[in-house]
C-alpha cells in the first residue's frame with residue numbers, strides 16, 4: 001500500500017519583517033530630511049552673515065562672505081552724454097556688487113528733465129550716441145515694458161546698446177510739460 005499524500009502545509013503569514021523594513025526606510029528618509037534641513041540652515045546662516053556694514057550720508061556698504069554690496073547716492077558715471085541744460089529729476093545712484101574674486105557688477109542710473117521738446121532731445125541724442133545704439137522710436141512698442149527696471153511706455157523712445165559685458169540705454173519721454181531723460185548703464189564694473 002502506498003502512503004496517502006501528505007496534506008499541504010499551511011502557508012505561514014508573512015513575517016513582520018517587511019513591515020519593519022518599511023518603517024526603517026520611512027525613518028531614514030525623515031532623518032535625511034532633518035539633516036539636510038539643518039545643514040542647509042547652517043550653510044545659509046554662514047553665507048548670509050554680515051561682517052561689516054558702513055552707512056553714511058552718501059550710501060551704504062555691506063560686506064559678507066559672498067562679497068560686497070555698495071549703494072551710493074552720487075552722480076553716477078553712466079558713460080552716456082548728459083543733455084545740455086537738463087537738471088537732475090531724482091537722486092541718482094550707483095549699486096556695485098563685488099564677488100570675493102573681485103569681479104564687479106555695476107548698475108548706475110540718473111534721471112534728468114528739460115523744458116526742451118522731446119523731438120529736440122531725440123535729435124541731440126541721435127547725433128551724440130554711437131552707431132552701436134539701436135533706436136526704438138515712440139509708438140513701436142505695443143504695450144509698456146521694462147528695460148532693466150525702467151518702465152518704457154509705448155509713447156517713449158529708447159536708445160539701447162548691448163555688449164558682452166553689459167548694456168547702456170537712454171529713455172526719453174514726455175513728463176507733464178517737460179521731457180524726461182533716463183540714462184543707465186548695467187554690467188561688469190570697469191577696471192579702475
Original post:
Is there any pair linking a residue in the stretch 50-74 that is farther than 16 Å from residue 92 by Cβ to one that is assigned to a loop (DSSP other than H, G, I, E, B) and at pLDDT 70 or above, with Cβ under 8 Å and at least six apart or on different chains, and which?
Top reply: 51/65; 65/100; 66/99; 66/100; 67/99; 67/100
**OP:** Quick one: count up the residues across the stretch 158-190 that are more than 14 Å from residue 76 (Cβ to Cβ), part of a loop (DSSP other than H, G, I, E, B) and touching a residue at least 40 places away in the same chain (Cβ under 8 Å).
**Re:** 1
Original post:
Within the stretch 175-189, restricting attention to residues that are modelled with pLDDT under 85 and touching a strand residue (DSSP E or B) at 6+ places or on another chain (Cβ under 8 Å), which residue is nearest to residue 120 (Cα to Cα)?
Top reply: 175
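Residues that are touching a strand residue (DSSP E or B) at 6+ places or on another chain (Cβ under 8 Å), at pLDDT 75 or above and over 28 Å from residue 178 (Cα atoms): which strands (runs of 3 or more DSSP E) entirely in the stretch 44-157 hold 3 or more of them?
Values: elements: 52-55, 59-64, 67-72, 93-98, 104-114, 134-136, 145-147, 150-152.
Of the strands (runs of 3 or more DSSP E) lying wholly inside the stretch 44-157, those with at least 3 residues that are touching a strand residue (DSSP E or B) at 6+ places or on another chain (Cβ under 8 Å), at pLDDT 75 or above and over 28 Å from residue 178 (Cα atoms) span 59-64, 67-72, 93-98, 104-114.
The values are calculated or read from the model by the stated rules, or taken from the named source; none is laboratory data. A quick note: this is a predicted structure, and the numbers were derived from the prediction, not measured. Quick reminder, even Gly has a Cβ in these numbers, built from the backbone with ideal geometry, and neighbours come from all protein chains shown.
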